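Asks: There's a structure below that I have some questions on.
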Amino acid sequence: MQAFLVMIIAVVVAGLPLALAGGGSAASPEFFPPHGPVAQGEVAELLVQGVPAGAAVEGSWQGEAVGFFPASQGARAALIGIDLRLPPGPYPLEVRVRGRGENPITWRETIQVVAKDYGVERLQLPERMVTLSPKTLKRVREEEARFAALWGKRSPKCYWSGQFLRPLAGDLLSPFGRARFINDEPRSPHTGVDLRAALGEPVLASNGGRVALVGEFFFHGRAVVIDHGLGLYTMYFHLSEVKVKAGTQVKRGEVIGLAGATGRASGPHLHWGVRLAGARVDPFALVKVTGGEM
Ligand SMILES: [Zn+2]
């Protein structure tokens with residue numbers, strides 16, 4: 001640190017801009033992992049400061065590459081998602097800075113994942129509403145495969161910036177993460193949030209991105225999935241109308257569709273979900289970590 005101060009003083013005395021102060025030998029990069037444990041379904045931010053110009057920052061978490069993006073004051077940041085059902089325990093995280101012609105700097109940290117109780121929802125429904133015909137079951141499986149294929153795709157570009165928006169203002173009808181039982185049989189947990197919406201109410205893109213998928217699905221109804229880049233996706237289900245085409249770019253706050261009750265929905269609402277490198281995380285956790293308002 002002292003050597004660094006001496007160098008700054010020398011540069012100031014010499015009247016030279018700092019950028020000319022020699023080949024990246026200034027401050028060493030510093031890595032800031034999440035403070036403390038991270039709960040299932042949450043999103044954590046990683047920050048690397050003092051990255052030399054032209055250096056690459058990379059990392060790995062849960063066997064997946066971590067995508068870093070530029071943050072304020074030349075820092076690089078990344079978001080990691082803790083899947084809703086990732087068993088609690090210690091998990092390794094590795095982050096590396098590779099400069100030109102220099103030895104990489106590697107940090108090996110442990111992220112402590114802790115359990116979070118998201119509650120349980122129990123429904124009793126007539127059997128005819130629960131049992132799917134072989135034809136419908138086939139359709140549902142094909143649709144699930146289309147979504148699963150998306151989560152495996154990673155756009156190398158970061159299309160989003162700043163805060164993630166709530167796509168509409170309506171109250172929270174059903175929170176993220178509830179374990180669900182229908183007629184006492186365990187079903188998939190709720191992996192998004194349900195927001196109250198009027199029929200035809202505009203649904204906004206939560207942030208910038210590329211429309212990765214538009215379609216009509218058995219459970220999700222008319223749906224839009226936005227690829228924000230670096231493995232981050234948001235999804236919008238049960239729309240009455242879709243206003244965007246697959247493959248086009250959208251801006252934060254742009255109307256992508258109108259709320260509705262298509263697919264399996266008991267009334268008009270928006271199901272809003274997030275995937276981050278395949279992990280099922282709470283959309284509100286993404287809003288919070290990016291500094292947005294609930
Ligand atoms: Zn839902």
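The values are calculated or read from the model by the stated rules, or taken from the named source; none is laboratory data. Since the structure is predicted, the reported quantities are computational estimates derived from the model, not experimental observations. Note that we place each Cβ from the backbone using ideal geometry, even for glycine, and neighbour counts take in every protein chain shown. With ligands, DNA and RNA removed, areas are computed over all heavy atoms of the protein, side chains included. Shrake-Rupley method; radii C 1.70, N 1.55, O 1.52, S 1.80 Å.
Asks: Among the residues of region 64-113, write down those that are assigned to a loop (DSSP other than H, G, I, E, B) and closer than 16 Å to Ala39 by Cβ. Steps first, answer last, please.
Replies: As a first pass, look at region 64-113 and keep what is assigned to a loop (DSSP other than H, G, I, E, B): 67-68, 71, 75, 82-88, 99-104.
Within region 64-113, Ile82, Asp83, Leu84, Arg85, Leu86, Pro87, Pro88 qualify.
Asks: Looking at Thr234, Thr290, Thr248, can you tell me which residue is at pLDDT 95 or above and open to solvent by 10 Å² or more (accessible area, probe 1.4 Å)? Before the answer, list the steps.
Replies: On the way: Thr234 fails: open to solvent by 10 Å² or more (accessible area, probe 1.4 Å); Thr290 fails: at pLDDT 95 or above.
One residue alone meets the criteria, Thr248.
Asks: Taking region 170-200 only, how many residues are within 16 Å of the ligand (Cβ to nearest atom), of a type in the set (D, E, K, R) and farther than 18 Å from Leu86 by Cα?
Replies: Residues of region 170-200 within 16 Å of the ligand (Cβ to nearest atom): 170-182, 187-197.
Filter again for of a type in the set (D, E, K, R), leaving 171, 178, 180, 187, 194, 196.
Still in the list and also farther than 18 Å from Leu86 by Cα: 171, 194, 196.
Residues in region 170-200 being within 16 Å of the ligand (Cβ to nearest atom), of a type in the set (D, E, K, R) and farther than 18 Å from Leu86 by Cα: 3 in total.
Asks: Any chance region 98-106 includes a residue that's among the hydroxyl-bearing types (Ser, Thr, Tyr) and either open to solvent by less than 20 Å² (accessible area, probe 1.4 Å) or at pLDDT 90 or above (or both)?
Replies: The first filter runs over region 98-106 and keeps only residues among the hydroxyl-bearing types (Ser, Thr, Tyr), leaving 106.
When the remaining residues are screened for being either open to solvent by less than 20 Å² (accessible area, probe 1.4 Å) or at pLDDT 90 or above (or both), the result is 106.
Within region 98-106 (the criterion being among the hydroxyl-bearing types (Ser, Thr, Tyr) and either open to solvent by less than 20 Å² (accessible area, probe 1.4 Å) or at pLDDT 90 or above (or both)), the answer is yes, since at least one residue qualifies.
Asks: Could you check how many residues of region 156-203 are within 30 Å of Glu58 (Cα to Cα) and either assigned to a strand (DSSP E or B) or of a type in the set (Lys, Arg) (or both)?
Replies: Total satisfying the criteria: 4.
Asks: Go through region 264-294 residue by residue and tally those that are more than 17 Å from Leu195 (Cβ to Cβ), of a type in the set (S, T, N, Q) and within 16 Å of the ligand (Cβ to nearest atom).
Replies: So the first thing to find is which residues in region 264-294 are more than 17 Å from Leu195 (Cβ to Cβ), and the list is 275-280, 289-291.
Still in the running and of a type in the set (S, T, N, Q): 290.
Still in the list and also within 16 Å of the ligand (Cβ to nearest atom): none.
Number satisfying all stated conditions: 0.
Asks: I'm checking my understanding of the structure. Among residues of region 202-226 that are under 19 Å from Gly253 (Cβ atoms) and buried (at least 22 other Cβ atoms within 10 Å of the Cβ), which one is farthest from the chain's Cα centre (by Cα)?
Replies: Per the criteria, the residue is Val203.
Asks: Spot the failing condition for Ala261; the list is (1) surrounded by fewer than 21 Cβ atoms within 10 Å (Cβ to Cβ); (2) more than 19 Å from Lys153 (Cβ to Cβ); (3) away from the ligand (no atom under 14 Å from the Cβ); (4) at pLDDT 95 or above, and only one is missed.
Replies: Condition (3) is where Ala261 drops out.
Asks: Then there is this: Return the total of residues in region 204-217 being in a strand (DSSP E or B) and more than 16 Å from the ligand (Cβ to nearest atom).
Replies: Of all residues in region 204-217, those in a strand (DSSP E or B) come to 204, 209-217.
Checking the rest, the ones that are also more than 16 Å from the ligand (Cβ to nearest atom) come to 204, 209-216.
The total comes to 9.
Asks: Do we have any residue at all in region 114-135 that's closer than 24 Å to Gly278 by Cβ, open to solvent by 90 Å² or more (accessible area, probe 1.4 Å) and not in a loop (DSSP other than H, G, I, E, B)?
Replies: No: region 114-135 contains no residue that is closer than 24 Å to Gly278 by Cβ, open to solvent by 90 Å² or more (accessible area, probe 1.4 Å) and not in a loop (DSSP other than H, G, I, E, B).
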